[in-house]
Amino acid sequence: MRMLKRQWVWGVLIGTLGWVNVGLAIDTPIVPDDVEHFWAKNAETSSFVGADDMEIAYVRVVHPASRGVVVLSSGRTESYLKYKDFVGVVYQQGYSFYGIDHRGQGLSGRLLDDRRKGHVRVFANYGADFTQFINTIVVPETPGQHRYLVSHSMGGSIAVLSLASTSPSFNAAVLSSPMMEANLGLPGGCAIAALMSWFCAECSTPREVFATELEAFNHTALTHDKERFFKARALMKAEPQIALSAPTFGWVKQACDSRASQRDAAASIAVPVMLLQSGADTVVHNAAQNQFCALLNKKGETVCVGGAPSVIEGAKHELFFEADIYRDQALRAMFEFWQRYP
């Protein structure tokens, strides 16, 4: 979605992931003949009870000769159903895959009667759910295996909070366009959200409505790739139980409050971190990512390897769902980074 002068842009805080086969040579995408067949054959779904007795849905795809385990923390509005293609690429590279649907979205429990409202009461519950998932499911099921974390947007915020308490569980972590600070579209957005939340935390923020899918694509800040954009939107229509609309004012306030928690958590992170930054991102503030990378971790080194983000110039917010020219760079960087930390 485009930035709107002097208007709210709450509805753009979403994220997705796409796919292509990588290895160390990714000139030609390799797509399974039948992604749905692959998913039906290999994906095992289940759930657990997270913080405040919330049901959290998750999926595992186990590679029979796994070289490691990839754990995903996805963005706002997302379900693991969106990642079937991405899981296929991870699998083709020899990795097993685990991922959850964060509370209030996807196939997990919702917090409000109106399922389409994007809401969370306490942002830290996201991190508590994800940490529980890692400690009680992923680690016990993958003893002795190398584990790698990947996240996107809001999932990056959650990953940072979780890494502070589960760092020994991962060999390395990749944060894709993490939401260190959301771009709310106007100065003082967080203060306004806090005020509105005080009056009605469960009220939805405004969102843009487009007459056609093409119009929506022409105004999106998420990706340059029309086909992947339409595919993500079509999934929401085909699977209405995972559909999610604009966030509530309460969600926005919690997201704003999480900025300080993420900075504090940085000091407890012990694993190598790569932050993939979308050079043309207008959904989140890249300056906040730069500042985060320069913080010191548990080892007294900068949080991000090299002390700064790895920038994909010209890319919009959804790096793994971008046009090939950007997506291939991000995927190559991710897999090569993990291979440095076996």
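Values for this structure:
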| item | result |
| --- | --- |
| Whether the chain is rounded, prolate or oblate, judged on the alpha carbon gyration tensor where a/c under 1.5 counts as rounded | rounded |
| Sorted by Cβ neighbour density within 10 Å, fewest at the top, the residues His317, His285 | His285, His317 |
| Residue pairs, from the table Lys84/Lys237; Lys226/Lys253; Lys226/Lys316, whose Cα atoms sit over 20 Å apart | Lys226/Lys253 |
| Computed magnitude of the charge dipole of segment 10-339 (debye, nearest 20; Cβ of K, R +1, Cβ of D, E -1) | 440 debye |
| Beta bridge orientation in the chain: antiparallel %, DSSP, nearest 5 | 35 percent |
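Every number here is computed from the coordinates shown, using simple stated rules; none is lab data. None of these values were measured; they are calculated from a predicted model. Note that we place each Cβ from the backbone using ideal geometry, even for glycine, and neighbour counts take in every protein chain shown.
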